[in-house]
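Encoded as structure tokens, the structure appears first; notes follow it.
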Amino acid sequence: MVHFSTSGTTSRPSIENSVYPVGKGIIIEGDKIITIGDSEDLEFEYGNDSDHLVIDAEGGAIIPGLIDCHSHLLWSGDRSQEVRWRLEGKTYRDISTMGGGIQSTVDATRSSSKGELHKEGYVRLRAALRSGTTHMEVKSGYGLDTKTELDLLEVSSILSSDENLPTLDPTWMGAHDTPKEMTHEAYIDSLIHEQLPAIVDQGIARSADVFCEPGWFSVEESEDILKASRTAGLNLRMHIDEFEESGGGQLAAELKVQTADHAYHTSLDTRLNMKEAGVMTGFLPGTPYAMGDPWPNMSEVHEYGIPYTLATDFNPNCQTLSLPFMASLMVQRCRVQPLDVLAAMTVNAAKSSPHTNGDHGIIQEGAIANINILDSPNWESFSLKPSHTPFRATILNGKFMTH
Ligand SMILES: [Zn+2]
């Protein structure tokens with residue numbers, strides 16, 4: 001078992017008592033870890049107590065519950081046919097003007113009921129849980145009108161309260177694209193003066209996110225939306241530099257946003273400015289995997305101690321909910337050490353995605369009891385099984401669930 005410190009924001013966290021030998025036990029009460037100690041001692045103290053269920057990990061290593069800190073969980077429709085257009089060389093923008101892309105997902109999402117969105121979200125979250133995810137950041141952004149954006153956030157709130165599903169951290173991302181029925185300028189005006197006040201009034205979203213990229217929301221437009229969101233009491237997140245370096249990273253540093261994600265084309269100077277400003281970088285390896293793009297330069301990221309997270313970016317073009325698959329891409333394709341990958345999906349992800357009910361992403365006394373039991377004595381195995389769950393069971397908020 002590996003025990004991480006929550007201190008520090010570098011990519012490689014310090015490790016306290018790095019390995020617990022076989023023979024350690026954990027006492028969980030409610031949704032909290034109460035005690036970590038010698039297994040025999042704990043069994044002597046609690047073994048005959050009918051209030052405590054004894055779970056034998058059977059020599060399997062354990063790691064913290066994984067945190068997916070960047071997902072577009074809720075949407076309807078199916079854009080699988082777009083793969084043919086992409087393979088013909090069409091760009092994201094080409095596909096959008098051909099009637100595909102985000103607008104077709106927006107149309108399908110707007111025509112879904114809240115019940116249908118809930119059903120889709122439920123199935124996806126059960127799949128994520130089987131892959132060890134116990135907490136997930138979830139963005140709206142496939143409604144692009146006030147009613148549907150509110151519906152998406154309401155559904156995420158209902159899903160989050162289901163004790164059989166990962167807990168959710170809802171983000172408002174009205175600034176994902178411009179809906180086809182409005183001009184860009186009119187939409188920005190409605191984002192700031194109509195959607196944002198309604199979202200704040202609803203009280204579910206904790207953060208706002210903006211797709212800051214040429215052709216979507218410029219640096220200046222992103223700044224207006226983000227500043228209004230901060231004034232309204234929301235935390236700030238950004239999508240930056242997915243297609244080119246365009247100033248989003250500098251804005252992230254200036255505004256000291258919580259996290260700036262994608263960041264594939266971000267220069268070293270900008271990365272260092274973001275680090276200096278306390279901004280987390282979110283790498284989303286599923287996107288270059290799905291799109292056939294190059295991987296980010298992770299050796300530079302490690303050399304300069306850039307703090308980062310790893311997440312799925314689950315969306316209609318990148319339909320994976322498996323963080324162990326992301327881990328495999330980083331370890332087996334990008335030569336990143338499993339410990340750095342694990343930190344990015346646990347302690348660092350917890351920093352980038354706020355929680356209301358205690359410490360996540362860590363196994364220590366007092367933390368939320370989110371624990372994955374591996375089907376292997378070696379914790380590194382979580383990164384080596386991309387095709388199926390590496391976990392025998394997951395303890396979700398203190399509740400034991402087999403896979
Ligand atoms: Zn995204």
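The values are calculated or read from the model by the stated rules, or taken from the named source; none is laboratory data. These numbers come from a predicted model, not from an experiment. Here the Cβ is made from the backbone with ideal geometry for all residues, glycine too, and neighbour counts use every protein chain on show.
What the table below lists for this structure:
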quantity	calculated
Within segment 364-377, tally of residues that are hydrophobic (A, V, I, L, M, F, W, C), within 19 Å of the chain's Cα centre (by Cα) and within 15 Å of residue 342 (Cβ to Cβ)	1
Matching residues, segment 303-343, being within 16 Å of the ligand (Cβ to nearest atom) and within 18 Å of residue 61 (Cα to Cα)	323
Qualifying residues in segment 245-258 (those that are of a type in the set (Gly, Ala, Ser) and not in a helix (DSSP H, G or I)) - the one nearest to the ligand (Cβ to nearest atom)	246
Odd one out for residue 346 among (1) away from the ligand (no atom under 16 Å from the Cβ); (2) more than 18 Å from residue 382 (Cβ to Cβ); (3) in contact with a strand residue (DSSP E or B) (Cβ under 6 Å, 6 or more places away or on another chain)	(2)
Condition check for residue 340: at pLDDT 95 or above and surrounded by fewer than 23 Cβ atoms within 10 Å (Cβ to Cβ)	yes
Top-ranked residue of segment 136-150 - restricted to ones that are within 15 Å of residue 197 (Cα to Cα) and touching a Gly at 6+ places or on another chain (Cβ under 7 Å), ranked as surrounded by the most Cβ atoms within 10 Å (Cβ to Cβ)	144
Residue among 211, 243, 217 that alone is surrounded by 16 or more Cβ atoms within 10 Å (Cβ to Cβ), modelled with pLDDT under 95 and in the same structural domain as residue 305 (by TED's automatic domain parsing)	243
Residues within segment 43-70 that are of a type in the set (A, V, I, L, M, F, W, C) and touching a His at 6+ places or on another chain (Cβ under 9 Å), tallied	3
Residue list for segment 58-105, restricted to those being part of a helix (DSSP H, G or I) and within 16 Å of the ligand (Cβ to nearest atom)	92, 96, 101, 102, 105
Where a residue in segment 124-151 is in contact (Cβ under 8 Å) with a residue 60 or more places away in the chain and in a helix (DSSP H, G or I) and its partner, wherever it lies, is away from the ligand (no atom under 16 Å from the Cβ) and of a type in the set (Lys, Arg), with Cβ under 7 Å and at least six apart	none
Of all residues making up segment 223-244, the number that are away from the ligand (no atom under 14 Å from the Cβ), touching a residue at least 24 places away in the same chain (Cβ under 8 Å) and more than 18 Å from the chain's Cα centre (by Cα)	11
From 121, 115, 132, residue being at pLDDT 95 or above and either surrounded by fewer than 17 Cβ atoms within 10 Å (Cβ to Cβ) or within 16 Å of the ligand (Cβ to nearest atom) (or both)	115
Residue that is modelled with the highest pLDDT [pool: residues in segment 353-399 that are crowded, with 17+ Cβ neighbours inside 10 Å and acidic (Asp, Glu)]	380
Spans of helices (runs of 4 or more DSSP H) in segment 259-312 with at least 2 residues among the basic types (Lys, Arg)	268-276
Qualifying residue in segment 285-295 (condition: in contact (Cβ under 8 Å) with a residue 40 or more places away in the chain and surrounded by 24 or more Cβ atoms within 10 Å (Cβ to Cβ))	yes
Residue 55 vs. criteria within 16 Å of the ligand (Cβ to nearest atom), among the β-branched types (Val, Ile, Thr) and at negative phi	no
Any hit, segment 273-294, residues being in contact with a Lys or Arg (Cβ under 7 Å, 6 or more places away or on another chain), within 26 Å of residue 210 (Cβ to Cβ), modelled with pLDDT under 95 and of a type in the set (Phe, Trp, Tyr)	no
Close pairs from segment 109-120: first outside the structural domain of residue 148 (by TED's automatic domain parsing), partner among the β-branched types (Val, Ile, Thr) and at pLDDT 95 or above, Cβ under 8 Å, at least 6 apart	none
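Residue-by-condition table, conditions (1) modelled with pLDDT of 95 or more; (2) crowded, with 18+ Cβ neighbours inside 10 Å:
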| residue | (1), (2) |
| --- | --- |
| 3 | no, no |
| 42 | no, yes |
| 53 | no, no |
| 58 | no, no |
| 66 | yes, yes |
| 90 | no, no |
